[in-house]
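Below: one structure, written as structure tokens.
The values are calculated or read from the model by the stated rules, or taken from the named source; none is laboratory data. Everything quoted here is computed from the prediction, not taken from an experiment. Note: ideal-geometry Cβ built from the backbone for every residue, glycine included; neighbour counts use all protein chains shown. Calculation scope for accessible area: heavy atoms of the full protein, side chains included, ligands and nucleic acids excluded. Shrake-Rupley method; radii C 1.70, N 1.55, O 1.52, S 1.80 Å.
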Amino acid sequence: MCGFIGEYGRFLLGESDFNTLLDLSKKRGPDHQQTYKIDGQIQLGFNRLSIQDLSEHAHQPYHSPNQLFDFVFNGEIYNSDALISKFNLDKTKFRSTSDTEVIAHILETASIEALANELNGMFAIAIYDRNKKAVSLLRDFAGIKPLFYATHSEGMVFASQFNQVYKHKAIQKELSVNPEALKEYLALGYMQAPNTIYNSIYQVEPGTVLKYSLHDHQITKKDIVKYTY
């Protein structure tokens, strides 16, 4: 199942506080836990449930071979073998048999939007672009894998679980109940994306690539336009 949390901005939690939030999703991935901090502006944490490749070479957070992209990925890519052929990837350079590594190599040859449009599967992915200093969040078209996020005055928090976001110190300062979302939950038994119970916390909408830039605190969204279910 796996689970991850990340924060991007001028305010980063200390190791102990970050690990406390990461531990909230440990039940999703009890086989391995790892954190990674980049550029003093982004911190990623991952709890792994080992399925496809049991080796340490499939541990996350993961990095593209050219070290320009860092990412965490929860899910399964059904067409990973086909993508190796489509993007003419050199399998002799692979260290594992995981679909995670397929994503890493595609990021060297295609844009994040192009990658998203080719993925057939269930996935929640957070990618940090070191050159553009931006984070992209990707969620599968059916919305099978959860992905929540919130922005604050100093940056962004994103995670597999809702409680990992609302318990973040920077987010707790700005929490207020969304009455319309509460009505929706009472009427339907769930809240439709992007809504959550709090005004400042959102779900990434299914079939969407969401990009956040720290430079201008702007969020842009693009639909995943090609998929093969």
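Hey, can you tell me all the residues within the stretch 32-46 that are over 17 Å from the mean Cα position of the chain (by Cα) and either closer than 12 Å to SER98 by Cβ or not in a loop (DSSP other than H, G, I, E, B) (or both)? Quick ask: steps written out before the conclusion?
Going residue by residue through the stretch 32-46, those that are over 17 Å from the mean Cα position of the chain (by Cα) are 32, 39-40.
Correct list: HIS32 only.
Which residue out of ILE197, ILE127 is open to solvent by less than 60 Å² (accessible area, probe 1.4 Å), over 21 Å from THR35 (Cα atoms) and at pLDDT 95 or above? First the steps, then the outcome.
Working: ILE127 fails: over 21 Å from THR35 (Cα atoms).
Going through ILE197, ILE127 in turn, the sole match is ILE197.
Restricting the search to the stretch 200-223, which residues are assigned to a loop (DSSP other than H, G, I, E, B) and either in contact with a Pro (Cβ under 9 Å, 6 or more places away or on another chain) or loosely packed, with under 13 Cβ neighbours inside 10 Å (or both)? Write out each step before concluding.
Start the filter on the stretch 200-223 by keeping residues that are assigned to a loop (DSSP other than H, G, I, E, B), which leaves 200, 204-207, 214-217.
Across the stretch 200-223, the qualifying residues are VAL204, GLU205, HIS215, ASP216.
Picking from PHE4, PHE11, which residue would you name as being in contact (Cβ under 8 Å) with a residue 60 or more places away in the chain, outside any helix (DSSP H, G or I) and open to solvent by 70 Å² or more (accessible area, probe 1.4 Å)?
Criteria check complete, one pass: PHE11.
Against the condition touching a strand residue (DSSP E or B) at 6+ places or on another chain (Cβ under 6 Å), within 26 Å of GLU76 (Cβ to Cβ) and open to solvent by 10 Å² or more (accessible area, probe 1.4 Å), how does ALA159 come out, does it pass? Break it down stepwise before answering.
Details: touching a strand residue (DSSP E or B) at 6+ places or on another chain (Cβ under 6 Å): yes; within 26 Å of GLU76 (Cβ to Cβ): yes; open to solvent by 10 Å² or more (accessible area, probe 1.4 Å): no.
Taking the combined requirement at face value, the residue does not satisfy it.
When only residues in the stretch 14-28 that are in contact with a helix residue (DSSP H, G or I) (Cβ under 7 Å, 6 or more places away or on another chain) and not in a helix (DSSP H, G or I) count, which is farthest from LEU147 (Cα to Cα)?
My answer is LEU24.
For the stretch 212-228, indicate whether the set of residues that are within 22 Å of LYS27 (Cβ to Cβ) and at pLDDT 95 or above is non-empty. Give the steps one after another, and end with the answer.
In the first step, residues of the stretch 212-228 are kept if they are within 22 Å of LYS27 (Cβ to Cβ); the result is none.
Scanning the stretch 212-228 turns up no residue that is within 22 Å of LYS27 (Cβ to Cβ) and at pLDDT 95 or above.
Can you find a residue that is of a type outside the set (D, E, K, R), farther than 30 Å from GLN67 by Cα and free of Cβ contacts under 8 Å to residues at least 60 places away in the same chain anywhere in the stretch 133-153? Full working, then the answer.
First pass over the stretch 133-153, keeping only residues of a type outside the set (D, E, K, R): 134-138, 141-144, 146-153.
Applying the additional criterion that residues be farther than 30 Å from GLN67 by Cα yields 142.
Now narrow it down to the ones that are free of Cβ contacts under 8 Å to residues at least 60 places away in the same chain: none.
No, that holds for no residue.
Please go through the stretch 33-62 and give me each residue that is of a type in the set (A, V, I, L, M, F, W, C) and farther than 17 Å from SER160 by Cβ, ordered by number.
ILE38, LEU54, ALA58
Can you tell me which residues in the stretch 158-191 are touching a residue at least 12 places away in the same chain (Cβ under 8 Å), in a helix (DSSP H, G or I) and of a type outside the set (Lys, Arg)?
Correct list: PHE162, ASN163, GLN164, VAL165, TYR166, ALA170, ILE171, GLU180, ALA181, LEU182, TYR185.
Out of (1) open to solvent by less than 10 Å² (accessible area, probe 1.4 Å); (2) modelled with pLDDT of 95 or more; (3) within 21 Å of ALA170 (Cβ to Cβ), the odd one out for ILE38 is which?
(2)
How many residues are part of a loop (DSSP other than H, G, I, E, B) and within 17 Å of LEU54 (Cβ to Cβ) if we restrict to the stretch 84-109? Don't jump to the end; show me each part of the working.
Step one: of the stretch 84-109, the residues part of a loop (DSSP other than H, G, I, E, B) are 87-90, 94-98, 107-109.
Going one step further and asking which of them are within 17 Å of LEU54 (Cβ to Cβ), we end up with 94-98.
Number satisfying all stated conditions: 5.
Filtering the stretch 47-83 down to residues that are assigned to a helix (DSSP H, G or I) and among the acidic types (Asp, Glu), which residue is least open to solvent (accessible area, probe 1.4 Å)?
Once the filter is applied, the top-ranked residue is ASP81.
When you check ASN178 against the structure, is it within 30 Å of SER111 (Cα to Cα), out of contact with any His (no Cβ under 6 Å at 6 or more places or on another chain) and open to solvent by less than 70 Å² (accessible area, probe 1.4 Å), yes or no? Don't jump to the end; show me each part of the working.
Numbers: within 30 Å of SER111 (Cα to Cα): no; out of contact with any His (no Cβ under 6 Å at 6 or more places or on another chain): yes; open to solvent by less than 70 Å² (accessible area, probe 1.4 Å): yes.
No; evaluated as a whole, the condition is false for this residue.
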